[in-house]
1. How much accessible area does Leu74 have with a 1.4 Å probe, in Å² rounded to the nearest 10?
2. Positive end of the charge dipole of region 3-152 (Lys, Arg +1 and Asp, Glu -1 on Cβ, about the Cα centre): tell me which of Leu84, Val34, Gly94 has its Cα farthest that way.
3. Quick one: putting +1 on the C-beta of Lys and Arg, -1 on the C-beta of Asp and Glu, what dipole do you get for the chain around its Cα centre, in Debye to the nearest 20?
4. About the Cα centre, and with charges only on the beta carbon of Lys, Arg (+1) and Asp, Glu (-1), how big is the dipole of region 78-148? Nearest 20 debye, please.
5. For every helix of n ≥ 4 consecutive DSSP H residues, a contribution of -39,500 (n - 2.57) applies; sum these over the chain, divide by its total residues, and give [θ] at 222 nm rounded to the nearest 500 deg cm²/dmol.
6. Taking the chain, how much of its Cα-Cα pair set, in percent, is spaced more than 27 angstrom apart?
7. Full extension from Leu84 to Arg146: what is 0.36 nm times the residue separation minus their Cα-Cα distance, to one decimal in nm?
8. Within region 30-113, what whole-number % of the accessible surface is contributed by carbon and sulfur, with the 1.4 Å probe and all protein chains included in the calculation?
Amino acid sequence: MREGIHPVWHETPVRCMTCGTTWTTGSTVESLTVEICSNCHPFYTGEQRIVDTEGRVDKFMKRLQQRDEIRTALDNAAAERTPLDLPINDLDIGARYTNILESNGITVVSDVLDRLGDEDDENSILAIQGIGRKVVSDMKKNLRARGYELSS
């Protein structure tokens, strides 16, 4: 071997900062300090613990609870905003179309939702004389804006 190109080899003491265990190994540095070793690492000990630095777990749980509260509030607001006994006058489709629907027994939103369906169906709103695709489209837009869930 060539002289002067190899580092100096030491019997190096290693110290764990967590549990204080020390052992000796070979290295090019004179001493080593590690944060965690096989004596205190959860993988080797089988012990599971959450190291909560700066309350991160608490912050996460608090955010999770706030999210659930907001979702509940939004669901409650949507339920209040979408009553099924809402008169069709409130859909703003025009007096002519409102009169046509009322003369065919459609007076509230639940009736409209029941009759919205396939275009080929005899009970469809499009089967009513005087009601076209534009009116159905306007009703669907208005219902979606009010929070109603429509399939198509």
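1. Here the residue's solvent-accessible area equals roughly 110 Å².
2. Checking the options against the dipole of region 3-152, the answer is Gly94.
3. So the magnitude is around 520 debye.
4. Computed charge dipole of region 78-148: roughly 400 debye.
5. Here the helix-only value at 222 nm equals -12000 deg cm²/dmol.
6. So the pairs more than 27 Å apart make up 60 percent of the total in the chain.
7. This chain segment gains 21.2 nm when fully extended.
8. So the carbon and sulfur contribution to the accessible surface is 50 percent.
The values are calculated or read from the model by the stated rules, or taken from the named source; none is laboratory data. Quick caveat: nothing in here was measured; it's all calculated off a predicted structure. Virtual Cβ from ideal backbone geometry, glycine too; neighbours counted across all protein chains shown. What goes into the accessible areas is simple: the full protein's heavy atoms, side chains included, and nothing from ligands, DNA or RNA. Shrake-Rupley method; radii C 1.70, N 1.55, O 1.52, S 1.80 Å.
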